[in-house]
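To start, the structure itself, in structure tokens.
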Amino acid sequence: MSDLDAYRAKASAWLQSMAPTFGRDARKGLSEADDLALGRRYQKAKFDAGYAGINWPTEYGGQGLSHLEKVTFDAEEMKHGFPSFYFGISLGMPVPVLMQFGSDKEFVKERVLKALQGEEIWCQLFSEPSGGSDLAGLRTKAEPEGNGWKINGQKVWTSWAHYSDYGVIVVRTDPTVAKHKGLTYFWVDMKAPGVTVRPIKLAGGDSHVNEVFFDDVKITDDHRMSPVGGGFAVAIATLMIERYVATDSAGFGPHLDLFVELAKDVQLNGRPAIEDGRIRQQIARNHAMRAGLDSINVRARLMMQAGMMPGPEGSLNKLVAVRSRQKLSELALDLQGHDGFLFDEHASQKEDWASSWINAPTGRIAGGSDETLLNTIAEKVLGLPQDHRPDKGIPFNQIPA
Amino acid sequence: MTILYDEGQQAIATESRRVLEARVDKDALLPLLEAVGEYHRPFWDTAKEQGWTALALPEAEGGLGLGLIELGLIAHQAGRSISGAPFLTSGFGAAKAIELFGSDAQKARWLPGLASGETIGAIAFAAGPDALPARPDVTFTDDKLDGTARGVSGGLAADVAIVFANGPGMPVLALADLAGTQRSAIPSFDNSRLIADIGFIGTPAETLAVGGAARDAALHILALQAVVTAHEQTGGAEALMEIARDYALTRKAFGQPIGAFQSVKHRIAELYGLVELARANCIHAAAREGAADFITAAAAARLSATEAYDTAARDCIQIHGGIGVTWEIGLHLHMRRARSLAIEQGSSLFWEDVLVDQLAGEAA
Ligand SMILES: Cc1cc2nc3c(=O)[nH]c(=O)nc-3n(C[C@H](O)[C@H](O)[C@H](O)COP(=O)(O)OP(=O)(O)OC[C@H]3O[C@@H](n4cnc5c(N)ncnc54)[C@H](O)[C@@H]3O)c2cc1C
């Protein structure tokens with residue numbers, strides 16, 4: 001048995017022992033507040049058992065292991081339906097960025113430890129009504145005041161802002177220069193006076209994203225995590241971290257096994273659906289696609305392990321997987337026919353086809369839309385020319401609204 | 001029959017659109033999603049008042065003597081405003097089943113009410129995923145129905161159902177008064193469809209057709225409903241295409257309207273192609289009612305309309321970015337309706353098989 005196999009076996013045993021207390025069945029029927037409370041206890045249990053911050057430095061309370069252990073653990077963890085998504089963004093991007101760019105080491109260490117133990121949650125305040133794909137088009141501004149700054153404006157789509165203690169934020173500090181040159185990166189206290197969080201209900205019925213309003217919110221200059229005017233680079237660094245954090249070739253929907261089971265159970269025009277050529281083709285094609293993504297991911301991890309940089313093909317995951325999850329879920333609903341009308345809004349997206357289908361559109365938009373990802377591949381990877389961008393090089397305050 | 005709409009038909013389209021735009025909006029529809037067993041009553045009142053329920057039934061039976069083309073035009077507008085109560089389609093299907101296969105007594109008993117919209121009709125053919133099963137779940141013996149018809153659209157409010165049942169050794173197309181049945185509402189992703197399980201317990205029923213004729217009759221009714229539904233789907237897809245176009249003209253990113261990005265522009269142009277193919281197939285199918293190739297035409301309309309509506313829902317939401325997945329903006333109303341309509345009259349898998357059977361010269 002390799003070291004990694006041993007690690008997997010140990011993690012798997014621990015996770016199984018936690019499942020009765022924190023897993024899928026334990027969460028049935030809980031209110032969101034109770035589920036979050038359970039999530040915090042689960043996160044603390046992970047920390048105590050040495051499974052939080054697996055690939056983070058030990059000086060910040062991490063385990064100092066590699067991406068391989070981290071991904072191995074995640075894959076095992078995914079099977080049990082634990083309440084861990086409240087911490088996904090927090091531990092995924094903002095807190096790692098804080099470790100990298102935060103100036104006050106003592107403060108950073110305290111925050112990281114609390115976040116790792118589920119006591120504090122961080123959110124990512126990038127998108128705005130006028131700037132989602134166009135990250136550098138944002139309008140929320142910070143103006144110098146005393147020895148610090150005063151923030152005014154509005155953010156939107158902020159996941160888990162309503163539960164967050166802190167957030168990382170990109171704001172405009174100079175409107176007279178080209179749009180991506182006038183941005184600065186800060187952290188903010190979400191409980192500070194002048195911060196208002198308003199939930200947005202999503203198509204599938206839940207409300208985990210928010211509008212966040214900043215009304216004369218005062219921060220001191222030690223909240224700054226980039227040079228003044230150098231925020232765009234840190235924002236891009238944040239988004240880069242995202243790339244290999246979240247990988248799931250099922251597009252965060254059900255595993256293909258569940259589709260095969262469905263096709264075996266269901267009769268299609270008098271024959272088991274699994275015997276139908278169209279269904280077989282979809283299973284085969286989805287398998288080939290998912291196997292390819294899995295292989296890309298494993299190779300990337302091995303490269304990182306060996307100290308090499310993985311190739312850009314890792315960016316295909318979300319793009320390819322979520323689109324096909326969306327269509328496969330439609331097909332699964334067709335296969336269930338009139339039995340598929342029965343709908344449980346709280347069912348898991350990883351186990352229920354209707355829930356997977358209704359929530360799939362978010363996956364094609366959040367964290368970079370399909371089109372943005374395709375542009376990145378076309379321009380950055382393949383060297384194709386950029387689209388015409390009339391706002392290029394023009395001072396931000398002179399771009400026609 | 002010609003496939004060019006005449007003036008009268010165009011007037012029906014314009015007028016029904018005007019009426020529906022004035023009376024249906026998403027803010028009235030959104031709350032229906034959160035309540036099981038509620039439908040949009042203003043739509044149904046409008047349908048009755050405007051005579052849409054009577055439109056495609058013969059004058060002798062209390063109808064207006066128009067046809068599938070006119071009904072399709074109205075369904076198209078209903079699809080644009082997502083305004084179905086499910087009964088327009090199933091009520092028509094039920095009435096046609098009685099008109100074509102019923103006795104004079106059955107016609108006298110049911111058709112006037114179905115034509116006026118006071119009586120609500122439903123169709124219970126499917127068994128789970130199978131739109132026209134070889135062995136239906138519901139059984140028919142000694143003029144009585146037993147068993148459960150699962151997931152019947154409109155079933156919660158219907159007064160009468162046309163049931164495809166398993167008779168002794170052969171299928172039966174039966175007519176049942178639903179007064180004495182046990183009905184339970186199904187919480188669905190598209191709640192305003194009033195989907196219900198209907199439990200028959202020794203429910204008295206009358207036969208409309210038996211054996212091979214029952215199957216042919218059921219397929220014909222399903223095809224009629226599929227053509228109406230295809231119009232509704234095409235209307236929904238067309239509305240989404242226009243919503244996407246309008247948004248792409250106004251929303252700006254990187255200093256220009258997002259419609260200037262070819263990936264967005266082409267996505268909407270592709271929708272145009274899907275919508276127009278579906279519309280053309282709908283017009284053709286409506287005109288082929290009564291012809292030998294009606295089933296083939298209906299299947300083509302149904303397949304292209306399902307593709308158009310599902311794709312338009314996916315793409316229109318995508319073009320809206322984050323706003324597109326919010327509850328308030330209501331694009332998910334279309335997404336949900338696209339899926340419920342895709343399943344209700346037999347899924348694409350069903351119609352693909354029917355179509356290939358027809359093309360290969362085999363009985364369906
Ligand atoms: C569930 C959810 C959670 C989210 N969580 C967070 C969060 O925690 N923090 C945060 O900061 N943000 C978050 N977001 C925001 C997300 O990153 C943005 O929604 C996304 O980047 C798209 O931006 P937008 O909504 O403004 O769409 P727009 O940018 O307006 O895009 C509209 C359409 O135009 C297309 N488009 C835009 N530019 C181009 C181009 N150059 N070429 C081709 N097509 C283009 C897009 O692909 C899209 O189809 C979240 C979003 C969702 C839906």
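The values are calculated or read from the model by the stated rules, or taken from the named source; none is laboratory data. What you see is a predicted model, and the numbers here were worked out from it, not measured in a lab. In this analysis, Cβ positions are derived from the backbone assuming ideal geometry, glycine residues included, and neighbour counts consider all displayed protein chains. Quick note on the areas: whole protein, heavy atoms, side chains included, nothing else; ligands and nucleic acids left out. Shrake-Rupley method; radii C 1.70, N 1.55, O 1.52, S 1.80 Å.
Some observations on this one:
- Nitroxide proxy distance, nm - points 7 Å out along Cα→Cβ at A:D215 and A:T176: 3.1 nm
- Were the residues from B:T2 through B:A185 laid out at 0.36 nm apart, the gain over their Cα-Cα distance would be 61.7 nm.
- Here is the tail figure for chain A: Cα pairs spaced more than 27 Å apart come to 55 percent of all pairs.
- Net charge of neighbours whose Cβ lies under 13 Å from the Cβ of B:S188, counting Lys and Arg as +1 and Asp and Glu as -1: -3
- All other residues whose Cβ lies under 15 angstrom from that of B:A126 are scored, Lys and Arg at +1 and Asp and Glu at -1, for a net of -2.
- With the simple spin-label model, which puts each label point 7 Å out from Cα in the Cβ direction, the B:R135 to A:E106 separation comes to 7.8 nm.
- Peptide B:126-133 - average C-beta neighbours from other chains (10 Å radius): 6
- Using the Karplus relation 6.51 cos²θ - 1.76 cosθ + 1.60 with θ = phi - 60°, the per-residue 3J(HN,Hα) values for segment A:277-284 come to x, 5, 5, 4, 4, 5, 4, 4 Hz, with x marking Gly and Pro.
- Distance histogram in 10 Å bins (all Cα pairs of the protein assembly as shown, percent per bin): 3, 13, 22, 22, 17, 12, 8, 3, 0, 0
- Cross-link reach is defined here as a Cα-Cα straight distance under 25 Å, omitting same-chain residues fewer than 8 places apart; for A:K141 the lysines meeting it are A:K150, A:K155, A:K179, A:K181, A:K191, A:K218, A:K392, B:K252.
- Note on chain A: helix-only mean residue ellipticity at 222 nm, from DSSP H runs of 4+ residues weighted -39500 (n - 2.57) and normalised by residue number, equals -13500 deg cm²/dmol.
- Value of [θ]222 nm, deg cm²/dmol, for chain B, DSSP H segments ≥ 4, -39500 (n - 2.57) each, nearest 500: -18000 deg cm²/dmol
- Look at the stretch A:262-271: the mean tally of other chain Cβ atoms within 10 Å of its residues' Cβ atoms is 4.
- Shielding of peptide B:254-267 by partners, expressed as the average count of other chain Cβ atoms within 10 Å per residue Cβ, is 4.
- Angle in degrees between helix B:348-359 and the longest Cα principal axis of chain B, rounded to the nearest 10: 70 degrees
- When each of the peptides B:309-321, A:284-296, A:388-400 is scored by the mean number of other C-beta atoms lying within 10 Å of its residues, the order from highest to lowest reads B:309-321, A:284-296, A:388-400.
- Set of aspartates and glutamates with alpha-carbon distance to A:K201 below 16 Å, sequence-local pairs under 8 removed: A:E32, A:E211, A:E345, B:D27, B:E34, B:E328
- Under the shape rule built on the C-alpha gyration tensor, where the axes satisfy a ≥ b ≥ c, segment A:1-103 is oblate, since a/c reaches at least 1.5 while a/b does not exceed b/c.
- Here is the interface size for A with B: some 4500 Å² of accessible area buried, both sides summed, with a 1.4 Å probe.
- Angle between chain B longest axis and helix B:212-250 axis [Cα atoms, degrees, rounded to 10]: 10 degrees
- Taking every DSSP bridge with both residues inside segment A:41-173, close to 55 percent are antiparallel.
- Alpha-carbon gyration tensor eigenvalues x 5, square-rooted, for segment B:1-148, Å: 28, 22, 15
- For segment B:1-155: accessible area per residue (Å², 1.4 Å): 41 Å²
- Centroid-to-centroid, using Cα positions, segment B:1-61 and segment A:373-401 are 46 Å apart.
- Taking Cα atoms only, the orientation of helix B:104-116 departs from the longest principal axis of chain B by about 20 degrees.
- If you take all other residues with their beta carbon under 14 Å from the beta carbon of B:D104, and give Lys and Arg +1 and Asp and Glu -1, the sum is -1.
- Ranked by solvent-accessible area (1.4 Å probe, protein heavy atoms only, all chains present), the residues A:R27, B:R193 order from largest to smallest as A:R27, B:R193.
- For A:W160, the accessible area of its heavy atoms, probed at 1.4 Å with every protein chain present, is near 20 square angstrom.
- Solvent exposure ordering (accessible area, 1.4 Å, most first) of B:R279, B:R339: B:R279, B:R339
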